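Undergrad: Mind having a look at this structure? Questions to follow.
The values are calculated or read from the model by the stated rules, or taken from the named source; none is laboratory data. On a predicted model such as this, the values are computed, not experimentally measured, just so you know. Cβ atoms come from the backbone with ideal geometry, glycine included; neighbour counts cover every protein chain shown. Heavy atoms of the whole protein, side chains included, go into the accessibility calculation; ligands, DNA and RNA do not. Shrake-Rupley method; radii C 1.70, N 1.55, O 1.52, S 1.80 Å.
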Amino acid sequence: MNDASPPTAPPGEERFDIHDPRLRESLSRYWRTNIKITLFLLVLWAIAGLVCGILIADRLNTVHLPGTGYPLGFWFAQQGSIIIFVLLILAYCLFMNRLDARHHEELERIRREKGS
Amino acid sequence: MGVKEWTYLFVGITFSAYLVIAWLSRVQTTKGFYVAGQGVPALANGMATGADWMSAASFISMAGLISAMGYAGGVYLMGWTGGYVLLALLLAPYLRKFGHYTVPDFIGDRYDSSWARLVAVFCAIFISFTYVAGQMRGVGVVFSRFLEVDVNQGVVIGMAIVFIYATLGGMKGITWTQVAQYWVLITAFLIPAIAISIKLTGNALPQVGLGATIDPGVAGQTGVFLLEKLNQIQQDLGFSSYTDTFVGKWDKVNVLFVALALMVGTAGLPHVIVRFYTVKSVKAARWSAFWALFFISLLYLTAPATAAFARYYMLTGLNGKTAEELPLWFNSWNKTGLVLWLDDGDGLARFSAGEDNEIFRKGKLQEAELITIHVDHQKWLDTKGVQGSDGRASLRARGLNGPDRDIIVLATPEMAELANWIIALVAAGGLAAALSTASGLLLVISSSVAHDLYYRLINQEATERQRLAVGRTVIGLAVVVAGLLGIYPPGFVSQVVAFAFGLAAASFFPAIVLGIFSKRVGTVPAVCGMLTGIGFTAFYIIACVFFDMAPWTFGLSDQGINPQGIGVIGMALNFAVTLGLTPFCARPGQAIVDMVDSVREPEGFGPAVVLEDAPGH
């Protein structure tokens, strides 16, 4: 056993022939959903960090975060954007892990049908 | 016990702990050495990434920067956290699925080119050395300030510790030491912040305290919001208002460009990316990105509060005070030259933005020069300007207005009148921050040279034992070189940190993202794109920083684009060149397309299905 050599073929390839058309179709469906989730979260990322924290920060600064002394633009730049960034990655983990689980079931079904 | 005894105690305990961890996690394989055997749990990897990421600069200097910059300090906060979203969404899970050891590995394999690999190796080594020199210096500075040992001896002690745990345990030793270092540094940062928040606003959460009213006992009036009061004091003294956006050279375009360059640069920094190679699965890579930003945000959400609290204490504690009334923290940091007071003859201290400012710092002045300035200034005062010279004018001419930014974090415990042991804890925290970042960077240097350069490009026949020996030797040499850079800092180090982010943004980020999200981009466009991005970014920074070229405006900002933000344009050029050339160049071969497919496919990997680990194999 030599666990040191870099894996030349992606491990698990023997279980999944990536040229199988049904697997390819499943992967491309998975990939499209993945792209949608990623783009959606990146848009929120840009709105929180770049738009609220910077581009319209001067205008947001004319109001305060309710009940506090924080001008809103300043709050976004030094607190809000960071909190939103953490939540965005959390949302990504939850979305993607669910998508992965669904994709996994799909592959299992294909494999069972092929085996039977 | 005094501060010094406590500091020796804490530094002794934490350093012994790091060594014990190093011994327990020593490794015998290259996989263990480079990627910790890919068995690090997501939560632990998150903490290790946090410690890896938060450097001596984040720990000691960042709050001070924000304190002096006000709103614009947010570029560092947003830039150094926003990058993790890009990393989590665009890079981490895919690179983990790819499953090799280094960033140049991915670039070299995906674009099937030794040239691409070589360019990536060069960038990885350059970025890491730029960064690590500053860390070693940070270790020396903390030692000299708290333990009164010579800066150079401090660097040597720090080097010895890193040398032991990095060569013994490689990535595995570094990872578990970083987990311990995370807790040391975050405790050291949070305790003074919470204490000063309670004292100033009565809120235990600094993030709430920053938006709250000042305790009437401190302000002398009720219902005044801290930030409003701070704005008013700042304006009275001629500074710009603390929460005001886009002041001076920080116009909207520059704030946007610098924040974006730091974000993209963060996502492209090799020592951060490799952390995601060390976990068990794609799922764990995602979770560890979440935990990493979560743990990092604990410090980054607290730093702006510390910054504003300390700014308030600084302005109210010094202005209008006589020598007897000055706070204790002033006297203890006055000795180190981080803050100086040159009176104009009225016997009252004044810290303002105008010509009447009396608060300065020593900066890089020699002790002898400073004494001359003090003596001349005293003569100038005694003779009412007939003899001697105004020390304030000469310090102002050298750009040494105001206290050193490091004082904000270093003096906060004393401003809050905390016990000696907490001040000592800050020393241990600063060392943890510097050592953890240094070790992560040294590992990248070692893996780039020993794995990418030696094994993949020079001697592909090398045995496991040879490769491990080369890895250990290189990391040992890198520690020594980094230490020498810390002892004899080349003057340009602090100026070229912008390089690290700029190059990472202009080289790695576009190449990796396109490598994953496009199957069409081939070798030639990718290499041309990287070279264009690197070439442009390097040219602009070198020309601006070393040859006083006026920053270019690009028709966007009258001020010209700050060299710190130029990585954004470098990145855009990289994307444009790569995508522009792609239609005219060959498609990647079937093997590469299959590789991209397998990187996208979340299934079919993990230790359980690795053939060589399977039972009976």
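Undergrad: Among the residues of region A:85-108, count how many are facing chain B (nearest Cβ under 9 Å) and closer than 25 Å to residue B:302 by Cβ. Before the answer, list the steps.
TA: Kept after step one, since they are facing chain B (nearest Cβ under 9 Å), are these residues of region A:85-108: A:85-86, A:88-90, A:92-93, A:96-97, A:99-100, A:103-104, A:107.
Next cut, closer than 25 Å to residue B:302 by Cβ only: A:85-86, A:88-90, A:92-93.
Number of matching residues: 7.
Undergrad: Can you find a residue that is modelled with pLDDT under 90, farther than 19 Å from residue B:515 by Cβ, polar (S, T, N, Q) and under 21 Å from the mean Cα position of the chain (by Cα) anywhere in region B:78-85? Steps first, answer last, please.
TA: Of all residues in region B:78-85, those modelled with pLDDT under 90 come to none.
No: region B:78-85 contains no residue that is modelled with pLDDT under 90, farther than 19 Å from residue B:515 by Cβ, polar (S, T, N, Q) and under 21 Å from the mean Cα position of the chain (by Cα).
Undergrad: Please go through region B:93-111 and pick out each residue that is surrounded by 24 or more Cβ atoms within 10 Å (Cβ to Cβ), out of contact with any His (no Cβ under 8 Å at 6 or more places or on another chain) and within 11 Å of chain A (Cβ to nearest Cβ).
TA: Once the filter is applied, which keeps residues that are surrounded by 24 or more Cβ atoms within 10 Å (Cβ to Cβ), out of contact with any His (no Cβ under 8 Å at 6 or more places or on another chain) and within 11 Å of chain A (Cβ to nearest Cβ), region B:93-111 yields only B:93.
Undergrad: Of a type in the set (Val, Ile, Thr) and either assigned to a helix (DSSP H, G or I) or in contact (Cβ under 8 Å) with a residue 40 or more places away in the chain (or both): is that true of residue B:322 in this structure?
TA: Numbers: of a type in the set (Val, Ile, Thr): yes; either assigned to a helix (DSSP H, G or I) or in contact (Cβ under 8 Å) with a residue 40 or more places away in the chain (or both): no.
No.
Undergrad: Please count how many residues of region B:567-605 are closer than 28 Å to residue B:40 by Cβ, out of contact with any Lys or Arg (no Cβ under 6 Å at 6 or more places or on another chain), assigned to a loop (DSSP other than H, G, I, E, B) and open to solvent by less than 30 Å² (accessible area, probe 1.4 Å).
TA: 3
Undergrad: Say we look at region B:271-283 and pick out the residues that are out of contact with any Ser or Thr (no Cβ under 7 Å at 6 or more places or on another chain) and more than 10 Å from every other protein chain (Cβ to nearest Cβ); which of these is most open to solvent (accessible area, probe 1.4 Å)?
TA: Going through region B:271-283, the residues out of contact with any Ser or Thr (no Cβ under 7 Å at 6 or more places or on another chain) turn out to be B:273, B:277, B:280-283.
Next, from what is left, pick out any that are more than 10 Å from every other protein chain (Cβ to nearest Cβ): B:273, B:277, B:280.
Numbers: B:273: 3, B:277: 1, B:280: 94 Å².
For region B:271-283, the residue satisfying everything is B:280.
Undergrad: Which condition breaks for residue B:519 when tested against (1) surrounded by fewer than 18 Cβ atoms within 10 Å (Cβ to Cβ); (2) closer than 30 Å to residue B:29 by Cα?
TA: Failing condition for residue B:519: (2).
Undergrad: Starting from region B:215-236, keep only residues that are in a strand (DSSP E or B), then list their pairs with residues that are among the polar types (S, T, N, Q) whose Cβ atoms are within a distance under 7 Å, requiring at least 6 positions of separation or different chains.
TA: B:225/B:213
Undergrad: Does residue A:41 meet the test of being within 17 Å of the chain's Cα centre (by Cα), crowded, with 16+ Cβ neighbours inside 10 Å, within 9 Å of another protein chain (Cβ to nearest Cβ) and part of a helix (DSSP H, G or I)?
TA: Yes.
Undergrad: Of everything in region B:230-246, what is surrounded by 14 or more Cβ atoms within 10 Å (Cβ to Cβ) and farther than 16 Å from residue B:402 by Cβ? Give them in sequence order.
TA: Taking region B:230-246 as the starting set, the residues that turn out to be surrounded by 14 or more Cβ atoms within 10 Å (Cβ to Cβ) are B:230-231, B:233-235, B:237, B:239-246.
Within region B:230-246, B:231, B:235, B:241, B:243, B:244, B:245, B:246 meet the criteria.
Undergrad: Based on this model, can you work out whether residue B:260 counts as among the aliphatic types (A, V, I, L, M), open to solvent by 10 Å² or more (accessible area, probe 1.4 Å), facing chain A (nearest Cβ under 10 Å) and in contact (Cβ under 8 Å) with a residue 40 or more places away in the chain?
TA: On the way: among the aliphatic types (A, V, I, L, M): yes; open to solvent by 10 Å² or more (accessible area, probe 1.4 Å): yes; facing chain A (nearest Cβ under 10 Å): yes; in contact (Cβ under 8 Å) with a residue 40 or more places away in the chain: yes.
So residue B:260 passes the test.
Undergrad: Which condition breaks for residue B:207 when tested against (1) away from chain A (no Cβ under 14 Å); (2) open to solvent by less than 60 Å² (accessible area, probe 1.4 Å)?
TA: Every listed condition holds for residue B:207 apart from (1).
Undergrad: Is one or more of the residues making up region B:545-566 part of a helix (DSSP H, G or I), surrounded by 15 or more Cβ atoms within 10 Å (Cβ to Cβ) and free of Cβ contacts under 8 Å to residues at least 60 places away in the same chain?
TA: Going residue by residue through region B:545-566, those that are part of a helix (DSSP H, G or I) are B:545-546, B:563-565.
Cutting the leftovers down to surrounded by 15 or more Cβ atoms within 10 Å (Cβ to Cβ) gives us B:545, B:563-565.
Retained after the next criterion (residues that are free of Cβ contacts under 8 Å to residues at least 60 places away in the same chain): B:545.
Yes, there is a match, as at least one residue in region B:545-566 is part of a helix (DSSP H, G or I), surrounded by 15 or more Cβ atoms within 10 Å (Cβ to Cβ) and free of Cβ contacts under 8 Å to residues at least 60 places away in the same chain.
Undergrad: Out of all the residues in region B:292-305, which are open to solvent by 10 Å² or more (accessible area, probe 1.4 Å) and more than 9 Å from chain A (Cβ to nearest Cβ)?
TA: Of region B:292-305, the ones open to solvent by 10 Å² or more (accessible area, probe 1.4 Å) are B:294-295, B:298, B:301.
Scanning region B:292-305 gives B:295, B:298.
Undergrad: Condition check: free of Cβ contacts under 8 Å to residues at least 24 places away in the same chain, more than 10 Å from every other protein chain (Cβ to nearest Cβ) and either closer than 29 Å to residue A:70 by Cβ or polar (S, T, N, Q) (or both). Does residue B:334 satisfy that? So that I can check it myself, show each step before the final result.
TA: Working: free of Cβ contacts under 8 Å to residues at least 24 places away in the same chain: yes; more than 10 Å from every other protein chain (Cβ to nearest Cβ): yes; either closer than 29 Å to residue A:70 by Cβ or polar (S, T, N, Q) (or both): yes.
Yes, satisfied.
Undergrad: Just checking, how many residues over region B:364-408 are assigned to a helix (DSSP H, G or I) and either of a type outside the set (Val, Ile, Thr) or open to solvent by 50 Å² or more (accessible area, probe 1.4 Å) (or both)?
TA: Here is the first cut: in region B:364-408, the residues assigned to a helix (DSSP H, G or I) are B:367-382, B:391-397, B:407-408.
Those still in the list that are either of a type outside the set (Val, Ile, Thr) or open to solvent by 50 Å² or more (accessible area, probe 1.4 Å) (or both) too: B:367-372, B:374-382, B:391-397.
The qualifying residues number 22.
Undergrad: Something else: Quick check on my filter: what residues within region B:6-41 are closer than 16 Å to residue B:279 by Cα and of a type in the set (Phe, Trp, Tyr)?
TA: B:33, B:34
Undergrad: Based on this model, can you work out whether residue B:210 counts as within 30 Å of residue B:18 (Cβ to Cβ), under 26 Å from the mean Cα position of the chain (by Cα) and in contact (Cβ under 8 Å) with a residue 60 or more places away in the chain?
TA: Working: within 30 Å of residue B:18 (Cβ to Cβ): no; under 26 Å from the mean Cα position of the chain (by Cα): yes; in contact (Cβ under 8 Å) with a residue 60 or more places away in the chain: yes.
Answer is no for this residue.
Undergrad: How many of the residues making up region B:110-154 are within 25 Å of residue B:449 (Cα to Cα), charged (D, E, K, R) and part of a helix (DSSP H, G or I)?
TA: Residues flagged as within 25 Å of residue B:449 (Cα to Cα), charged (D, E, K, R) and part of a helix (DSSP H, G or I) within region B:110-154 amount to 3.
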